[in-house]
Amino acid sequence: MADSESEGSSESDDSDGENVDMRLYRGGDDALDRVLNILNEEENDDAEEFEGFLPDYIREPPLNFQNVEFDMQNLDYTGISGPRRVLDGSNTALDYFQLFFTDELFNQICEWTQKNATTKIERDPEHNKGKWTDITLQEMKAYFGIKLATLMSVTCPRLERYFCQKPDKWIFATPGFSKAFQYRRFIQISRYLHFYNDEMADKSDRLYKIRPYLDYLQEKFEGEYYPSQNVSIDECMVPFKGRLGIKQYIKDKPNKWGIKAFLLCDSMSAYCFRFEIYIARNSEFEGENLGLTAAVVLNLTKGMEYKGHIVYTDNFYTSVVLGFNLRARGIGMVGTIRCNRKGYPKTLSTVKDKQLQRGQFRYEMSDNMLACVWKDKRLVHFLSTVYKPVTVQIGRRNKQGVVENVNCPSIVQDYNNQMGGVDRNDQMCHLPKSAKQYKWYMRLALKAVLWAAYNAYILEGHVVNHKPPRKRPRDFQQFIDELIHALVGEHRAERILKRRANVENETPERLINVGVHFPSADEDDSTNHTCVVCTKRHHVYSNANGHVSRKDNPYRLTKTVFKCSECNIYLCVKRGSSCFKDYHTKVQYWR
């Protein structure tokens with residue numbers, strides 16, 4: 001009886017007090033695994049409950065800006081920044097790269113490419129005459145290694161120059177490329193390279209040709225690293241000037257024409273945590289009723305709520321509506337703002353340039369929001385949900401080029417230090433615009449390869465000191481060079497040795513019984529025939545002198561009505577021409 005009462009009392013105590021999960025107290029070798037599973041379940045439960053508490057988007061926030069200093073609610077960062085797995089110094093550049101570009105993705109691209117090649121060859125054999133051999137995992141890695149080398153390490157004006165082995169152009173030779181790949185095989189893989197399954201593709205999506213590839217890398221970027229408190233959001237351009245519905249023009253970018261991508265990067269390391277490709281009117285962002293720019297920021301920061309992050313944006317994105325909605329989700333915002341944005345104080349937007357001296361500023365505050373205008377060489381407007389109007393000093397050059405201290409609000413100094421994450425990432429992952437590319441999605445695919453490579457370099461920097469004392473720093477280019485060699489690995493081009501014909505033993509028919517070869521011309525024959533000898537000489541000279549235009553070629557494509565009665569070949573028969581004689585007396589008649 002006492003036992004039953006004690007058991008009942010213990011149960012009632014547990015029910016009245018804290019809920020204790022008795023699974024934690026079961027013994028056994030797998031106790032630790034059970035603890036981790038229970039904690040994960042509780043985290044998932046909390047996340048599901050948390051999603052329901054996200055406030056609705058407010059299009060017109062109830063703000064009343066005044067020239068009064070209010071207290072700002074502090075944002076305490078609760079996230080754990082850095083790599084999400086334990087790494088050691090024994091890993092190579094390829095190991096870090098394959099955290100994102102895994103063998104699973106390589107095999108999937110091989111499968112899609114193989115299926116695409118088979119389909120095209122069966123559908124149109126006339127235009128797909130080259131013999132296709134199945135592509136392997138190692139060959140696909142080597143292909144991407146060569147592609148990466150053409151982007152970051154070796155620059156040539158045309159693709160065939162990388163594989164050139166002509167003796168008269170030895171000074172331009174890059175023998176490593178031809179050793180790894182035959183030019184024809186490299187072009188063949190590029191022709192059939194595929195990044196999606198035709199049977200499962202959603203053709204209504206403008207990015208359907210590369211959507212599975214980008215989604216896979218996006219998931220890996222988020223899963224391997226978590227950014228620090230300060231993140232920046234900006235756009236970058238993937239250069240492309242062909243005909244494309246999603247092509248954009250931004251006059252202030254180094255690459256003015258191309259595909260626009262929105263990036264969220266760590267302000268400290270420039271790690272690309274998230275990206276979104278802009279596809280014009282068909283873009284779908286959360287909270288579009290707030291405007292496109294606000295919707296982009298809200299979409300990129302989804303899942304980062306209530307962790308104390310601070311987002312830095314430029315005046316293309318910053319608005320009072322965005323700052324209010326981000327702050328309601330526990331995310332701070334700092335950025336420059338256009339003075340004509342809705343909700344920005346009129347008393348600040350109407351300030352004239354002559355009303356302030358260099359270093360002076362005015363501000364107004366509302367509920368957890370600061371708006372200020374500061375005079376540098378010209379007026380600059382800022383909006384923040386983090387900082388109070390504290391005055392600091394920064395160095396600025398005067399008209400004589402001398403650096404002098406200038407007063408400014410602390411928001412300016414912090415913005416300059418934290419906003420450059422996306423710009424630094426775009427600088428390191430620069431995609432050259434000189435290489436001509438007909439397939440637009442290949443530009444996006446190569447840009448994503450560079451993002452993955454730079455993210456891998458950032459992960460390596462958390463394990464290996466990139467700036468050791470008294471040694472040469474390990475920069476991104478050194479990492480890329482090591483990665484290229486690792487991707488190509490032991491893959492080498494298959495060479496088929498062709499035996500040259502023995503000219504002494506095999507005499508062409510045109511050189512036998514020359515006495516029976518006579519020029520003839522049919523009355524009803526067309527005049528649109530070109531001399532075979534002249535054509536050969538023209539092409540030989542053109543191939544040997546690629547920089548010479550067609551009109552400057554000394555060997556003209558001569559029209560003729562005469563042909564050999566025996567060979568049925570059209571040849572020049574006129575004064576000053578030896579084409580007929582050379583064709584019937586020389587083995588290499590074009591010389």
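The values are calculated or read from the model by the stated rules, or taken from the named source; none is laboratory data. Everything quoted here is computed from the prediction, not taken from an experiment. Ideal geometry is used to build each Cβ from the backbone, glycine not excepted, and the neighbour counts take in all protein chains shown. The accessibility values were calculated without ligands, DNA or RNA, using every heavy atom of the protein model including side chains. Shrake-Rupley method; radii C 1.70, N 1.55, O 1.52, S 1.80 Å.
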Taking the chain as a whole, which cysteines find no other cysteine Cβ under 4.7 angstrom from their Cβ?
C110, C156, C164, C236, C265, C272, C339, C372, C408, C429
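For the pair E404 and A486, what calculated FRET efficiency results from E = 1/(1 + (r/R0)^6), where r is the Cβ-Cβ distance and R0 = 56 Å, to the nearest 0.05? Walk me through the intermediate numbers first.
Numbers: r = 50 Å, r/R0 = 0.90.
According to the calculation, E is roughly 0.65.
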Which ³J(HN,Hα) values, rounded to whole Hz and listed in residue order, are derived for the stretch 304-317 from phi using the Karplus coefficients 6.51, -1.76 and 1.60 in 6.51 cos²θ - 1.76 cosθ + 1.60 with θ = phi - 60°, glycine and proline given as x?
9, 5, 6, 10, x, 6, 10, 9, 10, 9, 9, 6, 6, 10
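Quick one: with all protein chains in place, what share of the accessible area of the chain is carbon or sulfur, to the nearest percent (1.4 Å probe)?
The C+S portion of the solvent-accessible surface of the chain is 48 percent.
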Mind giving me the nanometre distance, one decimal, between the label points for A493 and K129, set 7 Å out from Cα along Cα→Cβ?
2.1
Heavy atoms of R443 accessible to a 1.4 Å probe, total area in Å² rounded to 10:
10
Would you mind calculating the relative contact order of the stretch 509-585 from Cα pairs under 8 angstrom and at least 6 residues apart, reporting the percent as a whole number?
39
Once label points are set 7 Å from the Cα along Cα→Cβ at both R59 and D168, what is their separation, rounded to one decimal in nm?
7.1
Tell me the Rg and the Dmax, in Å, that the Cα atoms of the stretch 118-277 produce.
19.4, 58
Cα→Cβ-extended label distance, 7 Å offset, between S520 and N553, nm:
3.0
Relative contact order (percent) for the chain, with alpha-carbon contacts under 8 angstrom and 6 or more residues of separation?
16
Within the chain, the percent of DSSP beta bridges that are antiparallel, given to the nearest 5, stands at 85
Quick one: give the max-minus-min coordinate of the C-alpha atoms of the stretch 437-476 along each principal axis, largest first, in Å.
46, 17, 5
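Can you compute the charge dipole magnitude of the stretch 317-416 about its Cα centre, using +1 on each Lys and Arg Cβ and -1 on each Asp and Glu Cβ, nothing else charged? Give it in debye, rounded to the nearest 20.
On the way: 17 positive and 6 negative charges, 80 e Å.
Roughly 380 debye, rounded to the nearest 20.
How would you rank 262-273, 133-144, highest first, on the average number of other Cβ atoms within 10 Å across their residues? Before the final figure, lay out each step's value.
Values: 262-273: 24.1, 133-144: 17.4.
The most tightly packed comes first, giving 262-273, 133-144.
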Using only the Cα atoms of the stretch 509-585, each taken as one equal point scatterer with no solvent, compute I(q) by the Debye sum, divide by I(0), and report log10 of the ratio at q = 0.18 Å⁻¹.
-0.75
For K203 the rounded accessible area (nearest 10 Å², probe 1.4 Å, non-protein molecules ignored) is 130
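Given charges of +1 on the Cβ of Lys and Arg and -1 on the Cβ of Asp and Glu, with all other atoms neutral, how large is the dipole of the stretch 509-585 about its Cα centre, in debye to the nearest 20?
Numbers: 11 positive and 8 negative charges, 99 e Å.
It comes to approximately 480 debye.
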Would you be so kind as to identify which of N568, N553, Y583 lies farthest towards the positive end of the dipole of the stretch 509-585, taking Lys and Arg as +1 and Asp and Glu as -1 on Cβ and the Cα centre as origin?
N553
Which order, highest average first, do 319-327, 548-556, 223-231 follow once you tally other Cβ atoms within 10 Å for each residue and take the mean per peptide?
319-327, 223-231, 548-556
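Which of the helices in the chain, when you take each full DSSP H run, stretch at least 27 Å along the axis at their Cα atoms and have an average Kyte-Doolittle score of 0.0 or higher?
Values: long enough: 31-52 (32 Å, -0.93); 103-123 (30 Å, -1.11); 440-461 (33 Å, 0.60).
Correct list, ordered by number: 440-461.
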Could you sort the peptides 117-123, 294-300 by per-residue average Cβ neighbour count (10 Å cutoff), highest mean leading?
294-300, 117-123
(1) 1.13; (2) 1.04; (3) 1.31: which one is Rg/Rh (Cα atoms, Kirkwood Rh) as calculated from this entry?
(1)
Set K115/K169; K129/K439; K342/K399; K115/K251; K220/K433; K131/K209 screened for pairs whose C-alpha atoms are more than 31 Å apart:
K115/K169; K342/K399; K115/K251
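Helix-derived [θ] at 222 nm for the chain: sum -39500 (n - 2.57) over DSSP H runs of at least 4, divide by residue count, nearest 500?
Using -39500 (n - 2.57) per qualifying helix, the result is -10500 deg cm²/dmol.
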Pick out, from S178, Q427, H491, the residue whose Cα sits farthest towards the positive end of the charge dipole of the chain, with +1 on the Cβ of Lys and Arg and -1 on the Cβ of Asp and Glu.
S178
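Can you tell me the length gained on complete extension of the stretch V68 to K352, counting 0.36 nm per residue apart and subtracting the Cα distance?
100.1 nm
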Rounded to whole Å and sorted largest first, what semi-axes of the equivalent ellipsoid does the C-alpha gyration tensor of the stretch 400-483 yield via the square root of 5 times each eigenvalue?
31, 22, 14
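Let me spell out the model: positive unit charges on the Cβ of Lys and Arg, negative unit charges on the Cβ of Asp and Glu, origin at the Cα centre of the chain. What dipole size does that give, in debye rounded to 20?
Numbers: 83 positive and 79 negative charges, 1410 e Å.
Magnitude of the dipole: close to 6780 debye.
What accessible area per residue, rounded to a whole number of Å², is obtained for the chain using a probe radius of 1.4 Å?
Spelled out: the 1.4 Å probe surface of the chain, per residue, equals 58 Å².
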Between I310 and residues 5 or more places away or on another chain, the pairs with built amide H atoms under 5 Å apart involve N230, V231, G332
